[in-house]
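First the structure, in the form of structure tokens, and then the observations on it.
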Amino acid sequence: MSRVIALSGGIGGAKLALGLAQVLPAEELIVVANTGDDFEHLGLSISPDIDTLTYTLAGLDNQALGWGRRDESWACMDALAALGGETWFRLGDRDLALHLERTQALRSGETLTAVTQRIAARLGVLATLLPMSNDPVRTRIRTPEGWLDFQHWFVREQCRPAVCEVAFQGVNEARANPALLAALRAKPRAIIICPSNPLISVEPILAVPGIREAIIGCGAPVIAVSPIIGGQAVKGPTARMLADLGTAPSAAAVALRYGALLTHYVMEHGDDATGISAAVSRAPTLMRTLEDKVALARAVLSLA
Ligand code: GDP
């Protein structure tokens, strides 16, 4: 069996992951989640990208909100607000159940991989979902006022402070997920870099010691999909962050960050490909409907 390994952040990545899950047999798809966004909050271990992928692949994502779980209620947050508690990071009642289960499992010694897979399976996810590492990696953002934990910058400060630097605390000590390294050794058919934020979703995965080398060493095509269309992010701070760090936001700028790692780059018709060394393919990359996701997944897989 030859597997496809998709590297993903949250919302943009999960859209393509869902498309891939529609067209590949479940045993042929491994989705690797960024855990640099993870944090501890209200005593709970929260893994936003794992959860976005889990909910999306399970068909339980909240499409109205664009994050979190479907059919959500907010009684706990309302009660917490009445107590004067911290409510800047919104956690729905059903979502809280997942965080309680994960926190309890991690405290009792289960790995992040084990609890992620157990929860995903219970919710009906058939593909394999792997955190990049079982060890903590924490993305931090340096702003003009100093360093902020990622979620403090992203959610509490709503991305307002300018980004001077991005760091992945703990990454040098983190061990790559052994299941990912094993899958990379087993001659995968392709590595797909989903249309996720390169700076805070994909680069943390690539920064875990051993992962980049194993991707290059496995010999499979490495196909990235641009998260930038017409110079703009579809959602979120990707373009803003690139600009803050001194790069004009474009699809090509993202490809250039990935550099020699890429063999193929999928970008929107009309976007400028100047300077990209990978083989460029054009496809409609905006995924609004399930059909869009499936079509892009097929276009990507046709390159493998
Ligand atoms: P986050 O962890 O929730 O921020 O999610 P990701 O890093 O996975 O995704 C954020 C990126 O996804 C942004 O750069 C968006 O531009 C991109 N994105 C979201 N939807 C789409 C889409 O439909 N098509 C493409 N090509 N990119 C998308």
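The values are calculated or read from the model by the stated rules, or taken from the named source; none is laboratory data. Here the structure is a predicted model, which means the values were calculated and not measured. Note that we place each Cβ from the backbone using ideal geometry, even for glycine, and neighbour counts take in every protein chain shown. Calculation scope for accessible area: heavy atoms of the full protein, side chains included, ligands and nucleic acids excluded. Shrake-Rupley method; radii C 1.70, N 1.55, O 1.52, S 1.80 Å.
Per-structure values
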| read-out | value |
| --- | --- |
| Qualifying lysines (Cα of each under 29 Å from Cα of residue 235; at least 8 residues distant if same chain) | 15, 293 |
| Carbon plus sulfur fraction of accessible area for segment 138-197, probe 1.4 Å, in percent | 50 percent |
| Segment 106-169 - accessible surface per residue (Å², probe 1.4 Å) | 51 Å² |
| Simple spin-label estimate for residue 90 and residue 289 in nanometres, 7 Å along Cα-Cβ | 2.8 nm |
| Most to least packed among 274-286, 20-32, 89-101 [average Cβ atoms within 10 Å] | 20-32, 89-101, 274-286 |
| Packing-based order for 4-11, 262-269, using average beta carbon neighbours within 10 Å, highest first | 4-11, 262-269 |
| Cα gyration tensor shape of segment 157-304, rounded if a/c is under 1.5, else prolate or oblate by comparing a/b with b/c | oblate |
| Per residue value of the accessible surface for segment 1-42 (all protein chains in place, 1.4 Å probe), Å² | 27 Å² |
| Lys/Arg +1, Asp/Glu -1 at C-beta; the chain dipole; positive extreme among 176, 274, 133 | 274 |
| Solvent-accessible area, 1.4 Å probe, carbon plus sulfur percent, for segment 1-50 | 49 percent |
| Electrostatic dipole magnitude of segment 173-304 [Cβ: Lys, Arg +1; Asp, Glu -1; Cα centre; debye, to 20] | 380 debye |
| Segment 164-210: C-alpha gyration tensor shape, a/c 1.5 cut-off, then a/b vs b/c | oblate |
| Helical mean residue ellipticity (222 nm; -39500 (n - 2.57) per DSSP H run of 4+; nearest 500) of the chain | -10000 deg cm²/dmol |
| Assigned charges on the beta-carbon of Lys, Arg, Asp, Glu; the chain dipole about Cα centre (debye) | 640 debye |
| Ellipsoid equivalent to segment 211-257 - semi-axes via the Cα gyration tensor, in Å | 25, 12, 9 |
| Radius of gyration, Dmax [segment 231-304; alpha carbons; angstrom] | 12.8, 36 |
| Span from the segment 138-200 Cα centroid across to the segment 94-111 one, whole angstrom | 22 Å |
| Most mobile listed residue (240, 140, 288) in the chain, GNM with C-alpha springs under 10 Å | 288 |
| Contact order relative to length of segment 60-204, as percent, for alpha carbon pairs under 8 angstrom and 6 or more apart | 16 percent |
| The chain: relative contact order in percent, alpha carbon pairs under 8 Å with at least 6 residues between | 20 percent |
| Dipole magnitude of segment 16-170 about its Cα centre (Cβ charges: Lys, Arg +1; Asp, Glu -1), debye to nearest 20 | 40 debye |
| Label-point separation in nm, residue 185 to residue 82, each point 7 Å along Cα→Cβ | 5.5 nm |
| Rg/Rh for segment 155-236, where both radii come from Cα atoms and Rh is the Kirkwood radius | 1.03 |
| Peptides 218-229, 102-113 ordered by average Cβ neighbours within 10 Å, highest first | 218-229, 102-113 |
| Debye log10 I(q)/I(0) at q = 0.08, 0.10, 0.13, 0.15 Å⁻¹ for the chain, Cα point scatterers | -0.32, -0.51, -0.90, -1.23 |
